[in-house]
Amino acid sequence: MLISRAWLQSLLMPGRVAFPDEAGLSSLITGLGLEVEGVTQFGAGLEAVVVGVVRGKRVHPSADKLGLVEIDDGTRTVEVVCGAGNVPDVGGRIAFAPEGAELPGGFKIGARTIRGVESRGMICSEVELGIGVDGDGIMVLPEAWAPGDRLIDRVPGIVDTVYEVSVTPNRPDALGHIGVARDVATKLGCTLVVDPLADPEPVPNPKLVTLSAPERCGRYFGYAFEGAAVGPAPLWMRVRLHRLGLRSINSVVDITNYVLMEWGQPLHAFDRARLAEGRVVVRLATDGETMTALDGAELTLTDDDLVIADAERPQALAGVMGGADSGVAEGTTTLLLEGAWFAPRDVRRTARRHQISSDSSFRFERGADHGVGLARAVARAVQLIGDHTGARLVGGHYVRGEVPEQPTVVLRPARVDRVLGMAIPTDEARRILAGLEIEVDASDPDAWSCVIPTHRPDLGIEEDLIEELMRHHGLDALPSAPAMATGYGTQAPTALRDPAGALSRAEVDALVDAFVATGCHEFVGLAFACPETLAAVDGHSVPVGVTNPMRKQHGVLRTHLLPGMLDALALNTARHGRPVRLFEIGRTYAWDSPPTGTGPTESIDRRLPTERLRAGVLLSSGVIVAGGEDAGFSAQTVSAVLCDALARVGVQAHVRPTSDGDTVACLHPGVQAELWVGGAEPRRIGHVGRVHPDLSLRWDLPEGVDAFYGELELGALPPGTPTLMVGLPRFPATSRDLSLDTAQNLPAWTVVDALRHAASTLKPSAEDAPKLAPGDRTNADVEVLEDYRGKGIDPGRRALLLRLHYRAAERSVKDAEVQSVHDALVDAALSALRSTDPSVQRR
Amino acid sequence: MRGVSDDAIQQLQGIDAELATKVDGAVDPEQLYALFVEYLGKKGKLTKKRALMGKLDGPGKKAFGRAFNAIKTAMEARIDARKQALVAEARAAELARFEDLTMPAPRGHLGSIHPLTATRRKLERVFLSMGYEVLDGPHVEAEQYNFDDLNFGKDHPARDMQDTFFIDPQEGTDARDLVLRTHTSPVQVRAMLTREPPIRIIAPGTVFRRDDDATHSPMFHQIEGLCIDEGVSMADLKATMERFVGAFFGAKLAIRLRPSYFPFVEPGAEFDVVCPFCARNPGETCNVCRGSGWIELGGSGMVHPNVLRAGGIDPERYTGWAFGFGIDRMAMLLHGVTHLRLMFEGDVRFLEQFPC
């Protein structure tokens, strides 16, 4: 909302309180909760512009289209060259900028010679004075103005400061100057003055208005005029409208706009001659009915749209926009002026349905005044139309539908202190409420009964009135006082478990640190994803669609972290050649098993998609640009990063081969594995591998560049537990090397697992027999030393070299007994492995 | 026999002189050890001469014995002194060495933590230390919690303050009331529904609005604070904000409240803090507050009675305040990040700048 300082000032009774300067008024308005977001100064330089009288005019001797005009500027007569066609005859008044003036926009007037004639000054147009957009010709001023009068004295408001005020949606009253002036007056402690107006008393003509939807239209004034001469609005009005960014159309439209800016009350004027039967019907449209709006848009209406129709068809979309067929234009002589109140929610629905936001719908949606303000605004428009178009009021009708009840709110002065933590003296509170035109009955001093005026539909409860007191009393005096008797920090901090995961926030934070410690950079990706791209990565999950995405590529929420991370890799690859190592901890979204929330939020929670907390790691390998570094990462680096990070949060993970049928589509089918946690309930917590070559292609990764990806579902992680110490061995271990001839696709983990399984199931020969146990120089009981596939090994086979460590807890072991335990264990493991690889054997 | 004794002693002195020459030429401890063995070992040149004693008579024997011991001690001392000298020389040589430690060191790769995470944690730490619980809620939220229960009337223009992403209904349903939460405030409702006063929570988290330009991202982050108890007032809010900014910025900075409107609070206020960044560029107009001296942090106010009621709390008995502000903007201010877009595109040249 643009607010003119000059206009505000004209609405306040000059008195003992000085009207604030530009900056002071700005901070005063902001302090009232109407934040000033911009300030524009108008009229700089216009002090020099005066009224000039034409004393003579003739054609320029060497240019037919130019004229030479003799101007009397009150002190002397000069001759100027002027190209405008509308210079008045001798005796006419014009706006004259003498030599030395500097017009808005920085245009300096000097003596200039035009085609051999010296021109000493300029006859100005509205554009040149910065008060209009109408470019045809110079300004012609009223005959009554004396030569030498300064324009700024004749046209108040021509020098002005305009504030761009951000009006919050609860303050429809501040969408007009009177509402803002009421606030300013209350704050300053002065009086709001509004020109006294007699209520128009037209000849009653009930035929003018028929209301058939009283639940949608609470009030409707229809006033008929005849004999209007529609021309330009008076200069002072056009200047004010111009300052507020409104283009002058004609006197009638300008008057409705002027009243809109003054009272915040939208009005509409119909050309009554164009209304069938010269009357209006306020009714719901029928489905499919059409009309053309003022802006030319063809509207197809529904039976939820309220229209102002004539006897035959819709002529305006009520409270939103007038119709093109009945608008007032030059030549209009009869008028029907509408002042009304329409129900906010319905106006909003209609405006949204037809995607129109007008000054009118903006105000009705927020709640216009259906009481005194509406009546005053209509009276004001009637007066202005009479004054400036010469029209006669020939009839009128006023109908009432349903309007919201005006509440009476009880305000307990003690509650003010309780909510604000500061007391506001009783007489100041009374003064503030009076200034806001809230009627107070304080016969019970502990519970004032306050009648809310119709221009403040936002005030409905006690707290609303407390806010009014707070706004006007100001917050500068608010003490800083912690009221909680127990003080801070007495309640032990508890981080609630994230609903999207099993880890506490502290554990997730620890995981972030653990990833950072492995040298990865934390990435935060957008939650949005492109449906097609996402489907290429994750064909399983049912993504959550966004109804109104900002762009097609953001059409769904991500079910997977990989697409976003590949986007980042592609961006890095395109911008520079550094190796990429990223991790992200973020949510993914999918429609699947509904969250099984319990408690008070259950009914909502069951309808929501599942949100999972995931961790992803993406490493690049290969030389991205010539001469660039190859970090040499592999899928195993990803496993190491994930396992190391998990170890730092108390979770011991290991890598297992992908189970049959569980191949992950986004990874290379032969270069992928699963991450598991052991313990009492072993379970899969994630995947690692090389990004599928099809995806590398889709993301345009350069030849020779590979991406490796690993992810964890954090919801699947067991809670981290304190690490338990293992006692240090007192006796030395003995080791046996084992070389196996295996198929190449028999995973090392399967072999190790079989050996461990055999160790745990073989019955020991004696209580203190040697057992498989971590060695002296390693934490592993079974070490995988080498995978050899070279000379001497059959194609498709490999030599897997392992080292097994044995130890007895309470004594040193002898070679022979270790050998017998080892042989039994290996035999058992091999027979188990033969179900997978029938030809596995010792070498 | 005096002559015999003198002769024997002269032999000893000859051996000593011979050693002296060799010791002076020795350049390492191993040579000195070899000399020790050669002259003073069990079969050493000097040791062997002890046998001469047997051929001497009483006084001669005594004189020889004294001379032998004296020469042996002297020879040992000679070797030892040379050893000390060699050690000293070696130490001096070692100490004279210069290594250029300014050559780039081989280092492990330093990971980095995203400025948003770092800022969020810093905020959490402050409020945890003041006894607040940290909560979060779902990103896809029902309109009831995102709007209705927060006193945003249906068809009310206040909903325009937050341009909303709507969620397509799940296949087989026609529920069109799900949205991407436009603020962290739904967590207020969830907290009230699942707790009894006194309630003191903060809720940092991801939020979404249909906004995408130089200073807006359709996804961003907010932190919400909520405090409900008997006797909680605006003055308490102000005190808490002052403590928060004090702990967060490490300096006592003034807070300013300005009346404003948010549907879920009444009265409502924006809160500003004295700009902590003016000192960054002394002598110049601060590019953060643009010389105004204040930074707008966010919105706040007393929890609207309708919101308390929606959360099952009696507004006559309890009052509460709430505040909220953007974490992204805070992170940008703290780290001097110029474009919001940088936060979400994952350029490692940006990310690696933030090791802490």
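The values are calculated or read from the model by the stated rules, or taken from the named source; none is laboratory data. None of these values were measured; they are calculated from a predicted model. Heads up, the Cβs are rebuilt from the backbone with ideal geometry, glycines too, and the neighbour counts pull from every protein chain shown.
Is there a residue being under 19 Å from A:F270 (Cα atoms), outside any helix (DSSP H, G or I) and not charged (D, E, K, R) anywhere in segment A:382-391? Checking segment A:382-391: at least one residue is under 19 Å from A:F270 (Cα atoms), outside any helix (DSSP H, G or I) and not charged (D, E, K, R).
Scanning segment B:178-225 for residues that are more than 9 Å from chain A (Cβ to nearest Cβ), within 31 Å of the chain's Cα centre (by Cα) and under 17 Å from B:F264 (Cβ atoms) yields B:H183, B:T184, B:V187, B:I202, B:A203, B:G205, B:V207, B:Q222, B:I223, B:E224, B:G225. In segment B:337-347, the qualifying residues are those that are touching a residue at least 40 places away in the same chain (Cβ under 8 Å) and away from every other protein chain (no Cβ under 11 Å), and the one that is nearest to B:A118 (Cα to Cα) is B:V337. Of the residues making up segment A:737-762, those that are more than 22 Å from A:G670 (Cα to Cα) and without any contact (Cβ under 8 Å) to a residue 60 or more places away in the chain are A:R756, A:S760.
When each of A:A626, A:A647 is tested for being surrounded by fewer than 15 Cβ atoms within 10 Å (Cβ to Cβ) and touching a helix residue (DSSP H, G or I) at 6+ places or on another chain (Cβ under 9 Å), the lone residue that passes is A:A647. Just one of (1) within 12 Å of chain B (Cβ to nearest Cβ); (2) modelled with pLDDT of 95 or more fails for A:M422. It is (2). Looking across segment B:324-341, the residues that are crowded, with 19+ Cβ neighbours inside 10 Å, touching a helix residue (DSSP H, G or I) at 6+ places or on another chain (Cβ under 7 Å) and not in a loop (DSSP other than H, G, I, E, B) come down to B:I327, B:D328, B:M330, B:A331.
The requirement of being at pLDDT 95 or above, touching a Ser or Thr at 6+ places or on another chain (Cβ under 7 Å) and among the acidic types (D, E) is not satisfied by A:D464. Reported count of residues in segment A:639-663, each being more than 12 Å from A:H687 (Cα to Cα) and of a type in the set (S, T, N, Q), is 1. In segment A:188-227, of all residues being of a type in the set (S, T, Y) and out of contact with any helix residue (DSSP H, G or I) (no Cβ under 8 Å at 6 or more places or on another chain), the one that is nearest to A:S26 (Cα to Cα) corresponds to A:Y220.
Every residue, every condition in (1) out of contact with any Leu (no Cβ under 8 Å at 6 or more places or on another chain); (2) closer than 21 Å to A:R150 by Cα; (3) within 14 Å of chain B (Cβ to nearest Cβ); (4) surrounded by 18 or more Cβ atoms within 10 Å (Cβ to Cβ), yes or no:
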site: A:D21; (1), (2), (3), (4): yes, no, no, no
site: A:V39; (1), (2), (3), (4): yes, no, yes, no
site: A:F42; (1), (2), (3), (4): yes, yes, no, yes
site: A:V51; (1), (2), (3), (4): no, yes, no, yes
site: A:I71; (1), (2), (3), (4): yes, yes, no, yes
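Inspect segment A:285-305 for any residue being within 14 Å of chain B (Cβ to nearest Cβ) and not small (G, A, S) and give the result as yes or no. Checking segment A:285-305: at least one residue is within 14 Å of chain B (Cβ to nearest Cβ) and not small (G, A, S). Restricting attention to segment B:294-308, does a residue exist that is more than 8 Å from chain A (Cβ to nearest Cβ), surrounded by fewer than 18 Cβ atoms within 10 Å (Cβ to Cβ), touching a residue at least 24 places away in the same chain (Cβ under 8 Å) and not in a strand (DSSP E or B)? No.
Of everything in segment B:320-336 that is touching a Cys at 6+ places or on another chain (Cβ under 8 Å) and hydrophobic (A, V, I, L, M, F, W, C), the residue that is nearest to the other protein chains (Cβ to nearest Cβ) is B:W321. Taking the stated definitions as given, is A:A309 among the aliphatic types (A, V, I, L, M) and more than 30 Å from A:A229 (Cβ to Cβ)? No: the conditions fail for A:A309.
Check A:L582, A:L571 and return the single one that is at the interface with chain B (Cβ under 10 Å from one of its Cβ atoms), closer than 27 Å to A:C520 by Cα and free of Cβ contacts under 8 Å to residues at least 40 places away in the same chain. Unique residue meeting the criteria: A:L571. Checking each residue in segment A:241-287 for being assigned to a helix (DSSP H, G or I), of a type in the set (S, T, N, Q) and within 36 Å of the chain's Cα centre (by Cα) picks out A:T256, A:N257. Can you pull out every residue in segment B:144-172 that is crowded, with 20+ Cβ neighbours inside 10 Å, more than 8 Å from every other protein chain (Cβ to nearest Cβ) and not in a loop (DSSP other than H, G, I, E, B)? Matches in segment B:144-172: B:N146, B:D149, B:L150.
For segment B:39-58, a residue qualifies if it is without any contact (Cβ under 8 Å) to a residue 12 or more places away in the chain and not β-branched (V, I, T), and the qualifying residues are B:G41, B:K42, B:K43, B:G44, B:K48, B:A51, B:G54, B:G58. When restricted to residues that are more than 9 Å from chain A (Cβ to nearest Cβ) and in contact with a helix residue (DSSP H, G or I) (Cβ under 7 Å, 6 or more places away or on another chain), segment B:309-319 contains 4. Residues in segment A:609-635 that are within 12 Å of chain B (Cβ to nearest Cβ) and over 24 Å from A:G686 (Cβ atoms) were compared, and the one that is modelled with the highest pLDDT is A:E629.
Among the residues of segment A:291-308, those that are assigned to a strand (DSSP E or B) and without any contact (Cβ under 8 Å) to a residue 24 or more places away in the chain comprise A:E298, A:T300. Against the list (1) buried (at least 22 other Cβ atoms within 10 Å of the Cβ); (2) touching a Pro at 6+ places or on another chain (Cβ under 6 Å), the condition B:A175 fails is (1).
Any residue in segment A:212-221 that is at pLDDT 95 or above, among the aromatic types (F, W, Y), in the same structural domain as A:R313 (by TED's automatic domain parsing) and within 20 Å of A:T332 (Cα to Cα)? No. So which residues in segment B:121-143 are surrounded by fewer than 23 Cβ atoms within 10 Å (Cβ to Cβ), farther than 14 Å from B:R190 by Cβ and facing chain A (nearest Cβ under 9 Å)? Hits for segment B:121-143 are B:R121, B:E124, B:L128, B:S129, B:M130, B:G131.
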